[in-house]
Amino acid sequence: MVENRSESIASRVKRPSAEAGALASWNRLRRRLGEPIIETCIKLSGLVVVVFVFLIFLFLLKDSLSLFRQYPISKFLFGTEWLPISDPPQFGVIPLLLGSIYVTVWAILICVPLGVGSAMFIAEVAPKHLKNVLKSLVEILASIPSVVLGFLGILWLAPALRDTFHLSTGMCGLTGSLLLAFMALPTIISISEDALTSVPRTYREAAYGLGATRWQTLWRIVLPSASPGILAAVMLGIGRVVGETMVVLMVTGNAPVMPKSILQPLRTLTATIAGEMGETVGGSDHYYALFAVGLVLFAITFAINFVADLFLRRDRK
């Protein structure tokens with residue numbers, strides 16, 4: 001009896017240990033096989049994105065070359081007139097490019113200081129209950145459709161700017177810049193606030209221990225530490241401004257002329273594509289010229305992302 005009991009106890013002790021060993025070996029095998037599979041999937045995903053971008057570039061380049069076989073590329077890149085239905089047609093992209101630059105630069109000058117300052121207030125100054133309310137409001141602002149902002153610009157902002165600056169029309173570049181800045185603010189505020197919050201608390205405590213004030217800590221310690229994230233937020237905001245179509249199509253006046261001031265009607269690259277693509281004849285020079293405009297826009301956004309990546313790498317180092 002005693003021997004049987006001892007054998008049953010020994011078998012019970014050995015059984016769980018054997019099951020635990022089998023489970024441990026299975027976990028090791030799963031980790032050994034799972035990690036390479038996950039790494040391969042991530043690499044393939046990145047490769048697929050690169051291939052898609054390259055195919056988009058080839059698609060735009062193919063149709064753009066169809067224009068440049070008949071229309072000189074120098075006249076397209078350096079021409080100062082966009083008259084696609086004149087005789088002969090003129091496809092100078094400079095007025096459209098300058099219109100995009102005017103609107104983008106003014107929007108950046110407005111939204112970047114406001115966005116970063118608002119993020120600093122939400123992350124470091126505002127009390128907790130107010131912080132939650134402000135973050136919710138920022139998320140609500142990001143959900144407003146661009147066409148709604150365009151209607152507000154037509155009905156309210158454009159007349160207000162016309163009366164303020166005594167203009168002939170309020171449908172000008174400044175109206176588009178203000179609305180684009182408003183659209184980019186939620187992106188800049190949200191990502192910048194996350195970057196400021198992620199700065200370790202020990203940095204602040206060390207600064208306070210050395211006698212720094214709250215403003216000195218925020219300006220000289222927290223802000224430089226969060227600069228890569230803030231730069232990424234600014235670049236995403238610029239991308240939103242450059243690629244926006246509906247607002248600039250509705251409120252900038254759509255005048256394809258050489259802009260001399262932000263207070264006059266102008267036209268951007270994106271508004272030209274959206275406004276004229278539906279009216280062109282497939283296979284015509286005008287049709288291919290719009291693809292060439294898209295290629296210019298693609299090159300601009302690629303250059304912005306490339307420069308942003310260089311700055312981010314330098315800040316990390």
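The values are calculated or read from the model by the stated rules, or taken from the named source; none is laboratory data. Just so you know, these numbers come straight off a predicted model, no measurement behind them. Cβ sites come from the backbone with ideal geometry, for glycine too, and all protein chains shown count toward neighbours.
One table, with the values for the structure above:
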quantity: Residue ranges of helices (runs of 4 or more DSSP H) in the stretch 55-161 with at least 3 members touching a residue at least 40 places away in the same chain (Cβ under 8 Å) and either assigned by TED's automatic domain parsing to the domain that holds Val234 or not charged (D, E, K, R) (or both); calculated: 94-120, 128-142, 146-152
quantity: Matching residues, the stretch 190-218, being part of a loop (DSSP other than H, G, I, E, B) and either surrounded by 15 or more Cβ atoms within 10 Å (Cβ to Cβ) or touching a His at 6+ places or on another chain (Cβ under 6 Å) (or both); calculated: Val199, Ala212
quantity: Among (1) surrounded by 14 or more Cβ atoms within 10 Å (Cβ to Cβ); (2) farther than 20 Å from Ala303 by Cβ - the single one Thr104 does not satisfy; calculated: (2)
quantity: Val125 vs. criteria under 20 Å from the mean Cα position of the chain (by Cα) and surrounded by fewer than 17 Cβ atoms within 10 Å (Cβ to Cβ); calculated: no
quantity: Selection from the stretch 84-127 of residues that are touching a strand residue (DSSP E or B) at 6+ places or on another chain (Cβ under 7 Å) and modelled with pLDDT under 90; calculated: Pro84, Pro89
quantity: Test: residue in the stretch 242-254 that is under 21 Å from Val50 (Cα atoms), surrounded by fewer than 18 Cβ atoms within 10 Å (Cβ to Cβ) and out of contact with any Cys (no Cβ under 9 Å at 6 or more places or on another chain); calculated: yes
quantity: Hits in the stretch 162-173 - residues which are part of a helix (DSSP H, G or I) and of a type in the set (Val, Ile, Thr); calculated: Thr164
